[in-house]
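The values are calculated or read from the model by the stated rules, or taken from the named source; none is laboratory data. What you are looking at is a predicted structure, and each value in this text was computed from that prediction instead of being measured. Every residue, glycine as well, gets a Cβ built from its backbone with ideal geometry; the counts of neighbours run over all protein chains shown. What goes into the accessible areas is simple: the full protein's heavy atoms, side chains included, and nothing from ligands, DNA or RNA. Shrake-Rupley method; radii C 1.70, N 1.55, O 1.52, S 1.80 Å.
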Amino acid sequence: MQPLFNLFVLLLYFLIANPVYSDSAAGKNLPYANANEIGAVATVNPLATQAGMEAFESGGNAIDAAVTAALTLGVVDSHNSGIGGGAFVLVHWADGSVEAIDGREMAPGAASRDMFVRNGKADPELSQTGALAVGIPGSLAAYQHLIQKGGKRSLSDALQPGASLSIKGFPIDSVFANRIGRVADKIRQFPATSSLLLDDEGEPLGRGDILVQPDLALTYLKIAKQGVEYFYRGDFAALTAKWMHENGGIITADDFRNYQIKSRRPVDTYYNGYRIIGFPPPSSGGVHVAQILNMLGYLPVKSLATGERYHLLAEIMKRAFADRAYWLGDPDYSRVPRGIIDPDYAKKLVATIDPVRVTTVKQHGMPPNHDVDLFEKHTTHVAAADKQGNWVAITTTLNTSFGSKVVVPGTGVLLNNQMDDFSIQPGVANAFGLIGQEANSIAPGKRPLSSMSPTIVLKDAQPVLTLGAAGGPTIITQVVQALVNTLDLGMPLDEAVAASRIHHQWSPDLLFVETSIHQDILDALSGKGHVLKNREHLGSTQAIGIDENGNFVSISEPRIQKLNTAREN
Ligand code: GLY
């Protein structure tokens, strides 16, 4: 009876509620003609961007637009993010203050250091799929804080376009279809997830199929009515705890009750006359974007030939990621040294680089005052800005595609697998090939280390750029390259984001290169000793800047747009 009743409620809602969302621009590319008058929002998905723009049109500001877009992404881009995951939000408020809101997942109270170790060996299957992989989600709590503090509309308003799209459905795009196909075998382990993403024959839904999510719509509508209490203290927490208990999980309703966002002091660094504001630990993003920029500050970046620049960048990335593996973790539990972003430390590291040959980096460096001067205690990015001076950068994720693959029956919410971002055993690689040590080991209530790097750039105390990316550890290197391309090389924002990317993360000792890079440059890099690994695409960046006339320029990752249009034509 319950499903029929739910359907009835949804139909009624659909007929009388006159949802905010209209599909006038569904599937069309941006930008909106009126973006400059009211503000701008950039996401990876046109429906989410449209929802954000409609929030502006309904009297909202960049905070409302960003939260609306993020909640809509949880419906139309649910392989990447959703309320079952976590988020880092960096805000430049209209009054000039900046805030880093940590909505990262938390390990459950019963989590333990070796919870994924079986017979002496870590089992990544357990940290990546199913009940034990899930951390307590934080994105909804972060969005509520954001909108309560600076939005002009309500959280309930921000949920409506997502609710509406869940009921009406939307055509699955190529990227979404591809992701379902890749993890279909894992999805089959979970009946509620299978009934959502597989057809009657148990085969993955494909491009152009309409995805309707009535349970998720109901969850959104209940949060709209009851507030986040429904999620953290109400039926959602109870249903999840029950499912966990019956399916080998350790999450309890108390874990949901105990979840808290944290307001943290952003990481500040100065580069080329700009103030770069980044996200502090438990993200490694802000720290290593700053560390890499500090190192680049000792090099004549503007005058380097492209191949030389890639070589030096790769050597710098390698040193930063070696430090990441050793030093970084949740600062409430581990001692993360501030010295990593000390410019003198950067100078010492740069001095170890050979301009013509690859050098072997055997281990992490030793930042100054590392024992006393500490930080206090498959992903998507939303950028938004308005004329009042609110600039927002939200990076939000379920971790890998469709997270743990678990949908708790009756909720429609996909749960993250963020526990895999902990170091599940020292030296054992996670889904992104990243290794870690004690600083990032599992403990109850601790937050797993992240690479998410929401970033805001100021010039003369005024915001000029907000950006961030998706793609695990490549997030850090994408953000750095977008900054170098704009701030050093003077590229317009669209070219800066489209330009070919490289990525090095120390371990494995490989230089990832996009196939668009010219063969001569690749040969030169090999000649210097780099072991190259081709990738068609490295990541997905969203950014908003301003042009020479003071107008907003909003960029959604061209690689993703291209993938979707190429396969849809
Ligand atoms: N789950 C990817 C990250 O946070 O870096």
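On inspection, residue 352 fails the criterion of being in a strand (DSSP E or B), of a type in the set (S, T, N, Q) and modelled with pLDDT of 95 or more. Scanning the range 373-395 for residues that are in a strand (DSSP E or B) and either within 14 Å of residue 73 (Cα to Cα) or touching a Ser or Thr at 6+ places or on another chain (Cβ under 8 Å) (or both) yields a total of 11. Of the listed requirements (1) among the hydrophobic types (A, V, I, L, M, F, W, C); (2) out of contact with any His (no Cβ under 9 Å at 6 or more places or on another chain); (3) more than 15 Å from residue 45 (Cβ to Cβ), residue 165 misses just one: (3). Checked against the criterion of being more than 24 Å from residue 280 (Cα to Cα), hydrophobic (A, V, I, L, M, F, W, C), in contact with a Ser or Thr (Cβ under 8 Å, 6 or more places away or on another chain) and at pLDDT 95 or above, the range 25-43 contains one or more residues that satisfy it.
Summed over the range 222-249, the residues that are open to solvent by 50 Å² or more (accessible area, probe 1.4 Å), more than 19 Å from residue 192 (Cβ to Cβ) and not polar (S, T, N, Q) give a count of 3.
Scanning the range 41-76 for residues that are open to solvent by less than 10 Å² (accessible area, probe 1.4 Å) and of a type in the set (D, E, K, R) returns a single hit, 64.
Selection of the range 256-294 for residues being surrounded by fewer than 24 Cβ atoms within 10 Å (Cβ to Cβ) and part of a helix (DSSP H, G or I) yields 256, 257, 258. In the range 453-477, the qualifying residues are those that are more than 8 Å from the chain's Cα centre (by Cα) and of a type in the set (S, T, N, Q), and the one that is nearest to the ligand (Cβ to nearest atom) is 474. Annotation note: of 398, 415, 449, the sole residue that is near the ligand (Cβ under 10 Å from one of its atoms), more than 20 Å from residue 479 (Cβ to Cβ) and aliphatic (A, V, I, L, M) is 398. The requirement of being of a type outside the set (D, E, K, R), closer than 30 Å to residue 163 by Cβ and assigned to a loop (DSSP other than H, G, I, E, B) is not satisfied by residue 369.
On the given criteria, is residue 519 buried (at least 24 other Cβ atoms within 10 Å of the Cβ) and within 24 Å of residue 308 (Cβ to Cβ)? Judged against the criteria, residue 519 is not a match.
Residues that are assigned to a loop (DSSP other than H, G, I, E, B), surrounded by fewer than 20 Cβ atoms within 10 Å (Cβ to Cβ) and either acidic (Asp, Glu) or at pLDDT below 95 (or both) within the range 304-332 comprise just one, 332.
For the criterion of being within 16 Å of the ligand (Cβ to nearest atom), open to solvent by less than 30 Å² (accessible area, probe 1.4 Å) and touching a strand residue (DSSP E or B) at 6+ places or on another chain (Cβ under 9 Å), residue 433 fails.
Spot the failing condition for residue 357; the list is (1) among the charged types (D, E, K, R); (2) touching a strand residue (DSSP E or B) at 6+ places or on another chain (Cβ under 7 Å); (3) away from the ligand (no atom under 16 Å from the Cβ), and only one is missed. Here residue 357 meets the rest and fails (2). Counting the residues of the range 108-127 that are open to solvent by 30 Å² or more (accessible area, probe 1.4 Å), of a type in the set (S, T, N, Q) and within 23 Å of residue 281 (Cβ to Cβ) gives 1. Scanning the range 83-107 for residues being open to solvent by less than 10 Å² (accessible area, probe 1.4 Å), small (Gly, Ala, Ser) and closer than 22 Å to residue 49 by Cα gives a total of 5.
Checking each residue in the range 409-441 for being at pLDDT 95 or above, assigned to a loop (DSSP other than H, G, I, E, B) and at negative phi picks out 409, 411, 413, 415, 416, 417, 422.
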